[in-house]
Structure formats: C-alpha cells, structure tokens
Protein chains: 2
Amino acid sequence: MADYIAFDNERALNYVAQLNEFFAPNAQLTCNEFGDGNLNLVFRIADENGNCVILKQALPYARCVGESWPLTLDRARIEAAVLEKHGAVCESFTAKVLHKNSELALTILEDLGHMAILRGELNQATTFPNLGSQIAHYLATTSFFYSDFYLKPAEKKALVCEFTNPELCAITEDLFFDDPYRTSDRNNYPTPLKSEVEKLQQNTELHIKVAKLKQLFLSSTQSLLHGDVHSGSIFVDAQSTKVIDPEFGFFGPIGFDLGSFIGNFLLNYCAQNARISEIPKRRQMQTYLLTTIQQVINEFTATWLSLANQHTRDLSLQAPRYAEYFVNQIIKDALGFAGTELVRRTIGLAHVSDVDGIEDETARLQVQQQTLILGEQLILHAETAHDKESAFNLIISLVQ
Amino acid sequence: MADYIAFDNERALNYVAQLNEFFAPNAQLTCNEFGDGNLNLVFRIADENGNCVILKQALPYARCVGESWPLTLDRARIEAAVLEKHGAVCESFTAKVLHKNSELALTILEDLGHMAILRGELNQATTFPNLGSQIAHYLATTSFFYSDFYLKPAEKKALVCEFTNPELCAITEDLFFDDPYRTSDRNNYPTPLKSEVEKLQQNTELHIKVAKLKQLFLSSTQSLLHGDVHSGSIFVDAQSTKVIDPEFGFFGPIGFDLGSFIGNFLLNYCAQNARISEIPKRRQMQTYLLTTIQQVINEFTATWLSLANQHTRDLSLQAPRYAEYFVNQIIKDALGFAGTELVRRTIGLAHVSDVDGIEDETARLQVQQQTLILGEQLILHAETAHDKESAFNLIISLVQ
C-alpha cells in the first residue's frame, strides 16, 4: 500500500477523469464527498448531464473514532471482491463494481443516487413491497453458490483464504459477542437500563448460547457472507433493492447475514412503538415489518432448496432431505444472530438511528428495554425453532 | 518445486551427511529405504554406533497406485509443520522434526526404530497400558491449543490458510464420505457383502447423517487436526506413544481425529473375533480395546475441560459450562466419524490389515459384516450420545 493517499474532491475527480471510461472526453465533471459512514470517503463524480459514478475510498482508520483506531485498507479489496462475487450470482440486487484499485483502496461503483438507504426509509415508515422477496433472493443465491453444495472443495478452500478478513471480523467478534455481555468501556446505554443490563451480564444460560454463536462465527466457513447486512447497507426504491458495503465479507455461517437482516427489521419494529403514535398506522407498519421477515424466511428457504435441488454438485450433500435439514439449521442460527444484533445495537458501541433517533427520552428507553429483552429471548430460544414456521411463530410470540 | 528430485539410498545418505548435524564428521553412514507407505520414500540413515535418523520424502504421486495419480509435494511441508505445531504443545507424544526442506519435500525425523507401529501390535494382540492416556493427552492438547478457545482470532485465521490442504483433504472427502455410499470403481468389497452394501447405499437416513459429517469436514475449522489418526500413524512401545504422519493435517472438526482413533480400535475389536480363537484370551484383548476407547474418551474430556478452564483466552468461550457443551459435541461428532471410518475401511478403497489379514475367508467375511453394520449404526445413532458416558454406552450396546 506504498502508493496510498487519501483523496480530496479534486484528486477523486482527476482519478476518475483520467480513467477515460465513464464520461465523454470533454465532460464538465464535478465532485463532492458525501460519506457519512465511519470508515470511508465516498465521492460522487457527475457530469453536466447528470451521469454519475461513486468513488469509495477506505481510510486507514475508523473515521468515527479517529486516526487512533487504525484499520486495514485491505477491506477495500475485500469489499470490491465480495461485490463482484455476489454480483456474479445475483446481479440484480448487488451494487455494480465499475473499477477497483487496491493500492489506493478504492472502488468505483454505479451511482445509486436515485435510490435511498433502507434505514432512513423505514424510519419514515415507508414500505417496499418487493424488498422481502429481493433480499431473500440475494441472501439465498449468494450463500448457496459459495457454499460446499456448489463450489468444488479446492476452489472453496482457496476462496476462504482470499476472503480472510481478520481485522473486520475482529470488530464483529468484539462488538457482537463480547462487549455487551460484560463490563466494557465500549458499551453505551442509558443509566436507567443498568439493572436490565446487569441481569443480562449475569445470565449464564444466555452466555452459553452466545458462545455457541461466536464459535460458529469463528469456525464455520459455510459461505461467502456479506458480513454486515443491516438496513444501512441496503439501497431501495419502489421497484428494486441493491446491497452495498460488504467490507466485513468473509466465509462464515450463513445464518449470520440472514440474522442481521431480521435483527434490523425487529429493531425497527420496536422503534415504531415510539415513532408512530397513531395506532392503526403503527400496526400497519409493524405488520409490514413482520410480514417482510416472514417472507424473507420463507423465500430464502424456498430459493435455497430449489437451488440445492438443481445445482448441488457435492455428491454427499445431494442426500435427499439433507438440504432441508441444512436450511432449517441456518434459520435457527439466524434467529440467534438476530438476537445478538438487537442486544449489541441497544447496549454496545454502535447503535441504530431507528432507536437512537427517537427524541422523547422515556419513549426511547421503553423501546430500548423492548429491544434488549427481545434480543435476549431470541438468543435463548432460537434453538427451539426447528423450521421456518416455528421460527416465525417464535418471533411473533416474542414481539407480542 | 523446481529443485525436486526423488532420492535413492545414496542421495539420501549424502544429503544427511552434508548437513553435518546428526553424526560425527567421520561417521561410517549406511542408508536403506524401508517405506511401506503409499505416498512416500522413507530412509533410515545410521552410523556404525547405531545412531539413526529418518529421512522421509514425499513422491509426486501416490505410490500405491503409481505415477498416474499425481499428488502434491506440498504435503511434506504440511506434515513437517503439523508435527512442529503439535510438538510445540505435546512434545512427549509427537515425533520430533530435526530438519525440513520443502523444495525437496523432505523431513528428517528422530528415529523411532525401537518402537513399533500400533496396528501390527494390536493384530498380534499386544496391549499397551499407557497408550489410551497418552493418545487422549495428544488429542486434547493439540486440539485445544489450536482452537478458538486459545488462539487469537487473527492468528488462527492465518494458520487456517497456512494449513490449507486441498489435495489431501479431497482424498478424505472422496474416500470417507462419498464412495462407500454409492457405486464407485474405487470401492472394494467381496461379492457376498453385496446385499449389505446395497442396503447401505439405499439408506437415505444414513446418507443425511453422512452429509452432516461431510459438511462439518468441509466447513468447520475448529482446530489443527492430524487428519489421519489411524493405528498405522502411531508408534508404540511399553512406555510411550509417538504420533507420526500428519500429512493430511488441516483445520477441521476436532471429532474427526478422535473418531478416526476410535474407529480403528473398533475395527481391531471386530477383527479379534476371527484372530483369537481362544475365548478368554479374545475377551481379554477385546476388553483392553474397549477399555482403551473408554479411557481415551474420558481422559480426552477431562484434559480438554481442564485446559479450557485454565487457558481459554476468548472471552465469550469462557462462559461457564460452555466448554462442557463443546466437548460433548466433539464426542458426538467423533462417534459419527468413527462410523465412517469403519464403513470406508470395509467397503471403500483403503482397507486395514486387522481385517484383510484374516486368512480364513468365511471368518473374514463375518468380521466385515460386523464392521460394516457397526459403522452404519454408529453413524445413525451418534447424535443420541449426549456425553462421554452415553457415548461409551452406545459403543458397548452396538458391539455386543
């Protein structure tokens, strides 16, 4: 990475211009940096006709904390490579990579400025009828085609090494599975939540379940994950869905991605109790959120089984009914991981605007109590869900 | 590997002599090749005083089949590196590496000529009172210290890549989990076993269990395995035990090594029905074999829990009672893998002399019927074993 230099607007513009690939030779280009993420610079380069591309560049530290938290630039290589791998099997719902340069830790991506980030939309109670089906398709195809069902073993072993992502995985390992369950300077929750947090930190039954999930995260290389499927990593509009930002990508347990998505929908579900005061409108939004979770679980299952049925190349894994067992196991894992997402977003370092954006302190606290208990209960009971129906029934029983 | 050349006695002797490390400068050295393995040359270089070292060199093909089955020389690097890693945490029971050269795919090892290969000894009904305890210690320490309980995540991820072993793993993937359960040219069994084999190849319940085991083998990186702990990979004498030949080493499910050992003891148990005609003597040998299996399971468990209790560095995995859960899961996996070892050694490509060395054809066939059914039943029922006691009880109920 000897040639690395962090870009400003001018450098980003010049870099794109000299590629001579995306705009007419005499185009009048403008550039502005609009990244609000924690780890990267994001520039939009546009010509006078409104054609745009996005240049995303990794910074050698976590932007939210500052230069004191160094972070590998290799994540830019990983992110571009995961987008390409996922795009190769699920082009419709994966943001498109137009150019990459791992020395400069940058990727040029299609502009998705006509779409919006899902989290903000959900916070505004906007609904997306195609989202559930499209995310299910994305999660099922990307996880199937990079699993042992499809990849040849030697090919997969090589990819596991190519996508070894120790620094970004360490963030998840610490923030999802360690910090919330013990005293940590990085934890962040309001004082009135303290007694609830102490109970959680003393619940040894819960800690065993979290250990099982962490062990899976550490030692299961089921498929090439996105690694960070929260509602801030998804662009939406009325028709379509595009998944972005897989810099946490690695070979891990498939349930982690599915669980992250479910966890974020449940966070928003709880948040709506304080966001929408009008009961019928609130019920409508919450019904949408639950229906979408159900749809994602059901269509993920159906698509996975159909892919397994048509495309499984591994002889042993072709065993009749084995794919059903495998998918049920993924869903079980996913509920556990969803629980850890709820817990860590409530009392850990990184929160979500769904909850933290609730202005009324009392109302926000009530939501936080709900997300914490819901997360805890999901982790505790995930293993009782033996198939997609019982998984959804468990969720319903816990949110009501 | 541009400089690779397969050694003869003279080259092996000269190579060792020019190292000037192991013998007096004017020593009168002799060398003879005595390998009876399938994949390697093995030379013993000795001086006139009886001092010896072993030079083991990988051949670029599987010796048993011929040059038509090419096989990576990288396995020599893996083998030496696993011996060093295992030796670093379990010096007493791991063969010592004195020198290695990955270009020439060779390793110089301590001579163990005063010891004997376990398989031959068991076939002669010789017993080793320390073996169970020492193998349990080897399996527990090597698997604990390279697991997520002890290694830092980034350190482990780097080792997973260093020990990626696709070609040797492919042999196991094919021979353990695929071939025996379907028609394959590589399968090898006597015609009278055909109807039993057909039943096994139509048992879909069994195939689901085998798929679960194969999926674990393909995607669980729990620890740095030996990868081939059969009774031909263990040197013994009255006092001690030395494990050799980890060229199949990789990061895999811990139960695989434990299961391979148990499977080999059960193969010998069944073989003794035809090997020892005198009932009390046979019973004595079989009691020794079962007692050793029990001891290995019990001491493996006790040692693992004690190591976990003292040395677990991962915060989440320190959760009270999680290590018990984890070890019980290893034992469950081990019984399944033991079952696959029995099946593949009976009807797959590579057999064991315990069974194939039985001269009387009818008696041998009876043993093969027993090993096949025992293997099948172990695979089918392994998951019912919820701890070390029930695991051993399951074995007892199936062999009687």
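The values are calculated or read from the model by the stated rules, or taken from the named source; none is laboratory data. What you are looking at is a predicted structure, and each value in this text was computed from that prediction instead of being measured. In this analysis, Cβ positions are derived from the backbone assuming ideal geometry, glycine residues included, and neighbour counts consider all displayed protein chains. Side chains are part of the model used for accessible areas, which takes the heavy atoms of the whole protein and leaves out ligands, DNA and RNA. Shrake-Rupley method; radii C 1.70, N 1.55, O 1.52, S 1.80 Å.
So, A:ALA211, is that one small (Gly, Ala, Ser) and at the interface with chain B (Cβ under 10 Å from one of its Cβ atoms) or not?
Yes.
Among B:THR204, B:THR127, which is over 18 Å from the mean Cα position of the chain (by Cα), within 29 Å of B:LYS56 (Cα to Cα) and open to solvent by 20 Å² or more (accessible area, probe 1.4 Å)? Spell out how you get there, then give the answer.
Values: B:THR204 fails: within 29 Å of B:LYS56 (Cα to Cα).
The match here is B:THR127.
Does the stretch A:225-232 contain at least one residue that is open to solvent by 10 Å² or more (accessible area, probe 1.4 Å) and either more than 12 Å from the chain's Cα centre (by Cα) or outside the structural domain of A:PHE176 (by TED's automatic domain parsing) (or both)? Outline the logic, then answer.
Looking only at the stretch A:225-232, we keep the residues that are open to solvent by 10 Å² or more (accessible area, probe 1.4 Å), and these are A:228, A:230, A:232.
Now drop any that are not either more than 12 Å from the chain's Cα centre (by Cα) or outside the structural domain of A:PHE176 (by TED's automatic domain parsing) (or both), which leaves none.
No, the conditions are met nowhere in the stretch A:225-232.
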Members of the stretch A:337-368 found to be more than 14 Å from chain B (Cβ to nearest Cβ), surrounded by 22 or more Cβ atoms within 10 Å (Cβ to Cβ) and of a type in the set (D, E, K, R), listed by number | A:GLU341, A:ARG345, A:ASP354
Unique residue being in the same structural domain as B:ALA391 (by TED's automatic domain parsing) and under 12 Å from the mean Cα position of the chain (by Cα) when the list is B:PRO246, B:PRO253, B:PRO280 | B:PRO246
Checking A:TYR61 against (1) open to solvent by 20 Å² or more (accessible area, probe 1.4 Å); (2) modelled with pLDDT of 95 or more; (3) among the aromatic types (Phe, Trp, Tyr), the condition it does not meet | (2)
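I need the full set of residues from the stretch A:224-253 which are among the hydroxyl-bearing types (Ser, Thr, Tyr) and over 16 Å from A:THR141 (Cα atoms), in order please.
A:SER231, A:SER233, A:SER240
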Identify the single condition in (1) within 14 Å of chain A (Cβ to nearest Cβ); (2) crowded, with 18+ Cβ neighbours inside 10 Å that B:ARG313 does not satisfy, given that it satisfies every other one.
-> (2)
Write out, first by first residue and then by second, each pair whose Cβ atoms fall under 7 Å of each other, whose residues are 6+ apart or on separate chains, and whose first residue, in the stretch B:145-171, is farther than 14 Å from B:HIS226 by Cα while the second is part of a helix (DSSP H, G or I) and hydroxyl-bearing (Ser, Thr, Tyr).
-> B:ASP148/A:SER219
Kindly provide the set of residues from the stretch B:214-224 that are open to solvent by less than 10 Å² (accessible area, probe 1.4 Å) and either more than 8 Å from chain A (Cβ to nearest Cβ) or of a type in the set (Asp, Glu) (or both), ordered by number.
-> B:PHE217, B:SER223, B:LEU224
Residue under evaluation A:ILE135, criteria (1) within 14 Å of chain B (Cβ to nearest Cβ); (2) in contact with a helix residue (DSSP H, G or I) (Cβ under 9 Å, 6 or more places away or on another chain), criterion not met | (1)
Identify the single condition in (1) open to solvent by 10 Å² or more (accessible area, probe 1.4 Å); (2) within 22 Å of B:LEU55 (Cα to Cα); (3) under 16 Å from the mean Cα position of the chain (by Cα) that B:THR94 does not satisfy, given that it satisfies every other one.
-> (1)
Being more than 28 Å from B:GLU324 (Cβ to Cβ) and without any contact (Cβ under 8 Å) to a residue 40 or more places away in the chain is the filter here, so list the residues in the stretch A:176-224 that pass it.
-> A:ASP185, A:THR191, A:LYS194, A:SER195
Within the bounds of the stretch A:143-157, is there any residue that is of a type in the set (Ser, Thr, Tyr), open to solvent by 10 Å² or more (accessible area, probe 1.4 Å) and assigned by TED's automatic domain parsing to the domain that holds A:SER260?
-> yes
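Among the residues of the stretch A:15-32, what is the count of those that are under 16 Å from A:ASN51 (Cα atoms) and not in a loop (DSSP other than H, G, I, E, B)? Before you say what the answer is, go through the steps one by one.
Quick first cut of the stretch A:15-32, residues under 16 Å from A:ASN51 (Cα atoms) only: A:16-17, A:19-32.
Still in the list and also not in a loop (DSSP other than H, G, I, E, B): A:16-17, A:19, A:30-32.
Within the stretch A:15-32, residues that are under 16 Å from A:ASN51 (Cα atoms) and not in a loop (DSSP other than H, G, I, E, B) number 6.
Report yes if B:SER233 is in contact with a strand residue (DSSP E or B) (Cβ under 9 Å, 6 or more places away or on another chain), within 12 Å of chain A (Cβ to nearest Cβ) and modelled with pLDDT of 95 or more, otherwise no.
Details: in contact with a strand residue (DSSP E or B) (Cβ under 9 Å, 6 or more places away or on another chain): yes; within 12 Å of chain A (Cβ to nearest Cβ): no; modelled with pLDDT of 95 or more: yes.
No; evaluated as a whole, the condition is false for this residue.
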Those residues of the stretch B:97-124 which are within 15 Å of the chain's Cα centre (by Cα) and charged (D, E, K, R), in sequence order = B:ARG119
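Quick one: would you say A:GLU10 is more than 26 Å from the chain's Cα centre (by Cα), at pLDDT 95 or above and assigned to a helix (DSSP H, G or I)? Quick ask: steps written out before the conclusion?
Values: more than 26 Å from the chain's Cα centre (by Cα): yes; at pLDDT 95 or above: yes; assigned to a helix (DSSP H, G or I): yes.
When the stated conditions are applied, A:GLU10 passes them.
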Out of B:ALA334, B:ALA323, B:ALA274, which single residue is of a type in the set (A, V, I, L, M), open to solvent by 30 Å² or more (accessible area, probe 1.4 Å) and in contact (Cβ under 8 Å) with a residue 60 or more places away in the chain?
-> B:ALA274
Cβ pairs under 7 Å, 6+ apart, first in the stretch B:107-131 and at negative phi, second buried (at least 19 other Cβ atoms within 10 Å of the Cβ) and of a type in the set (Phe, Trp, Tyr) | B:LEU112/B:PHE235; B:MET115/B:PHE235; B:ALA116/B:PHE235; B:ILE117/B:PHE235; B:THR127/B:TYR288
Restricted to the stretch B:177-201 and to residues being at the interface with chain A (Cβ under 8 Å from one of its Cβ atoms) and buried (at least 24 other Cβ atoms within 10 Å of the Cβ), the residue nearest to B:GLU162 (Cα to Cα) is B:PHE177
Is it the case that A:GLY357 is within 22 Å of A:ILE208 (Cα to Cα) and of a type in the set (Gly, Ala, Ser)?
-> no
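Among A:LEU71, A:LEU55, A:LEU41, A:LEU19, which is under 19 Å from A:SER102 (Cα atoms), modelled with pLDDT under 90 and surrounded by 12 or more Cβ atoms within 10 Å (Cβ to Cβ)?
Working: A:LEU55 fails: modelled with pLDDT under 90; A:LEU41 fails: modelled with pLDDT under 90; A:LEU19 fails: modelled with pLDDT under 90.
None of the other options fit; the residue is A:LEU71.
So which of B:ALA81, B:ALA88 is open to solvent by 20 Å² or more (accessible area, probe 1.4 Å), at pLDDT 95 or above, closer than 20 Å to B:PHE163 by Cα and assigned to a helix (DSSP H, G or I)? Walk me through it before giving the result.
Details: B:ALA81 fails: open to solvent by 20 Å² or more (accessible area, probe 1.4 Å).
Of B:ALA81, B:ALA88, the one residue that is open to solvent by 20 Å² or more (accessible area, probe 1.4 Å), at pLDDT 95 or above, closer than 20 Å to B:PHE163 by Cα and assigned to a helix (DSSP H, G or I) is B:ALA88.
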